[in-house]
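Worksheet for the structure shown next.
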Amino acid sequence: MSSLSVTPQISPKSPSPVETRSPYTICASQRSPIPIGRLSKFRNFTSRVRMSIDNGSSNRIGAGDAVIIVDHGSRRRESNRMLNEFVAMFRDKTGYPIVEPAHMELAEPSIRDSFTSCVEQGAKRIIVSPFFLFPGRHWQQDIPSLTAEAAKDHPGISYIITAPLGLHEKLVDVVNDRINHCLSHAAGVADECEVCAGTGKCRFN
């Protein structure tokens, strides 16, 4: 699948008298080329992931940067392992030196654990990427709150929370690929995909 592309946008925040860590913001710069009617209020949510490392420009992943990919977290070990596999794919594809998985709840590593791991690996700036489809409470409140708590342990480390996947037209290809593969499996001409493997769920009822 073609890469999605994130240009982090860090907006200054006036620190309170007790704040010593660097300012942060939530990125809301996602723009869809497809008219979305009543969902137009989400028109500005795009996430641009640049598949290159740049040592001098702040609008690219560079030396001293780390990426944390956060999902919800599950009580099912298989679901949590899938995030680890995706992070490994992402790291191999992008070549980014520091990429860590994190679960918002129910499983480890937590956002705090992964934030600390990134700092221990030398990160000075952390990009938190929610592995969620659409903006909701977790993106608006929970992930920012948990990340802010994690950052308190590391003064001087700045971070940004990017937009979720949103209405990216490349997701059309992903969904269509899943549909076609499941239909092929149901017809007996393809094996179960890695998501459905062993579940027997990919069949007509």
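The values are calculated or read from the model by the stated rules, or taken from the named source; none is laboratory data. What you are looking at is a predicted structure, and each value in this text was computed from that prediction instead of being measured. A quick note on method: Cβ atoms are made from the backbone with ideal geometry, for glycine too, and the neighbour counts reach across all protein chains shown. Protein only, heavy atoms only, side chains kept; ligands, DNA and RNA dropped before computing areas. Shrake-Rupley method; radii C 1.70, N 1.55, O 1.52, S 1.80 Å.
Key figures for this structure:
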item: Length released on extending from Arg77 to Glu194, taking residue separation times 0.36 nm less the Cα-Cα span; result: 40.7 nm
item: Spin-label pair Asn205/Val174, simplified geometry with 7 Å Cα→Cβ offset, distance in nm; result: 2.5
item: Glu85 paired with Leu106, simple spin-label distance in nm, labels 7 Å along Cα-to-beta-carbon; result: 1.8
item: Area accessible to solvent at Met104, 1.4 Å probe radius, in Å²; result: 20
item: Accessible area (Å², 1.4 Å probe, nearest 10) - Glu78; result: 90
item: Probe 1.4 Å - accessible area at Glu105, Å² to nearest ten; result: 80
item: Value of D in µm² per second that Stokes-Einstein yields for the stretch 68-159, Kirkwood Rh from Cα pairs, at 37 °C (0.692 mPa s); result: 246
item: Charge context of Leu146, other residues only, Cβ under 10 angstrom, K/R +1, D/E -1; result: -2
item: Ala187 paired with Arg137, simple spin-label distance in nm, labels 7 Å along Cα-to-beta-carbon; result: 4.2
item: Over the stretch 157-205, volume per residue of the alpha carbon convex hull, in Å³; result: 134
item: Under-5 Å amide H pairs with Ile69, H placed in peptide plane, nonlocal only; result: Glu100, Ala102, Ser129
